[in-house]
Amino acid sequence: MKQLQGAPWLLAHRSMLQPNQPMKFSLLGNNYVVWQNSYGGINALPNACPHMGAMLSEGWCVTKPDGSSVIACPFHALEFDAEGCTVLPSSHKLTKSLMQPLELVIQGDFVWTYGGHEPKISIPNIMNEIAADYEFIGVTGERSIRTDILSLLLNMHDYNHQNGTHRELFEITEVQVKQFIDEGLHCHAYLTQPRKQPTFRKMFKNPGQLAMPKVLEAHLENFFPFMGLMHGENKLLSLKECHFYLPETEHQSRMFVLMYMKAHSPIAHLIKGNLLKLIDVVVDQDAIVLSKIYANTPKRIKLNNEVGMDWVRRNFKSFPAITEPNLSQ
Ligand code: FES
Ligand SMILES: [Fe+2]
């Protein structure tokens, strides 16, 4: 799959990997098995067993005396170490590597990878800064969506879809893009979104709404193509809502959201669970719309505030080169 090669992708947050539990991940058309040993070491191999192609992610982990763990194939129980070597029952000695491990860049709890391609852009430090300074609330909104990565990115940088896709949730009456700072593959968008006040019934049903004021002031910071951050500030808490996007195949994409906060009031701790649920509902609504779009429909209408999508289209076309914004688009 020749798309966006050389971008870093956040494969997972450590909390998404149960120790000694093999997991399957897809990236850029390839499938991998990823596992974490009891000491926090994380490894990844192609998911197809080099014997007869069984999915290694369906197998199990075997812990070795040195604490490392190997992956056992579910078909004939051959065990593969992190380098893709095995010991054949007949020989009692380690084979050469039979699979090319997927190179991972582990930064604290963040499992990054370039999907085996030569890095073209670097991994920003911002997640490490957030992790050092904020409390991790959890992972939410993890979905594998039947859509290509461009459509997913367009949706995530579309400032007009709140009233369609998320109409009942936010009840935004207007979107104003106050400022858009275009720095090539990195950008900031400052949005002001006045909204109808939720009724008490709605607040009761979803106390996460308490964290949403009458006017939603959003600061979005985006890193093309793999990440978008929402910096949220209000009386109760400072929130960092970190969205990650990954192309699984040409027609399938994955996303998930890591949530961090700094509490300014004890109430913030009471609504953590609701915040995770709220974002899960938001992503669900996006996933539903994305799975119901006719691909390749000629675009004959342009709305105001599509500057985020213009940024996505331009970068998608020229990646990894950085081109000047074309404001006449
Ligand atoms: S298919 Fe994996 S050991 Fe045979
Ligand atoms: Fe959305």
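The values are calculated or read from the model by the stated rules, or taken from the named source; none is laboratory data. Please read all numbers here as calculations on a predicted model, not as lab measurements. So basically every Cβ, Gly included, is an ideal-geometry build from the backbone, and we count neighbours across all protein chains shown.
Structure values in brief
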quantity	calculated
Residues of region 291-327 satisfying the condition of being exposed (fewer than 10 other Cβ atoms within 10 Å of the Cβ) and in contact with a Ser or Thr (Cβ under 8 Å, 6 or more places away or on another chain)	ALA295
Any hit, region 82-102, residues being more than 24 Å from LEU10 (Cβ to Cβ), within 16 Å of ligand 1 (Cβ to nearest atom) and crowded, with 18+ Cβ neighbours inside 10 Å	yes
Residue list for region 248-275, restricted to those being among the hydrophobic types (A, V, I, L, M, F, W, C), modelled with pLDDT under 95 and not in a helix (DSSP H, G or I)	ILE271
Those strands (runs of 3 or more DSSP E) lying entirely in region 96-174 with at least 1 residues within 16 Å of ligand 2 (Cβ to nearest atom)	135-145
Filter pass, ALA295 being among the small types (Gly, Ala, Ser), more than 16 Å from ligand 2 (Cβ to nearest atom), in a loop (DSSP other than H, G, I, E, B) and touching a helix residue (DSSP H, G or I) at 6+ places or on another chain (Cβ under 8 Å)	yes
Single match in PHE256, PHE224 (criterion: among the aromatic types (Phe, Trp, Tyr), within 16 Å of ligand 2 (Cβ to nearest atom) and either within 24 Å of GLU135 (Cβ to Cβ) or under 18 Å from the mean Cα position of the chain (by Cα) (or both))	PHE256
Unique match (being within 30 Å of GLY141 (Cα to Cα) and outside the structural domain of SER253 (by TED's automatic domain parsing)) among VAL87, VAL62, VAL33	VAL33
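A quick yes/no check of all residues on (1) of a type outside the set (A, V, I, L, M); (2) over 15 Å from the mean Cα position of the chain (by Cα); (3) more than 23 Å from GLN162 (Cβ to Cβ):
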position	(1), (2), (3)
GLY232	yes, yes, no
CYS242	yes, no, no
PRO247	yes, no, yes
GLN252	yes, no, yes
LEU270	no, yes, yes
LYS277	yes, yes, no
PRO298	yes, yes, yes
ILE301	no, yes, no
VAL307	no, yes, no
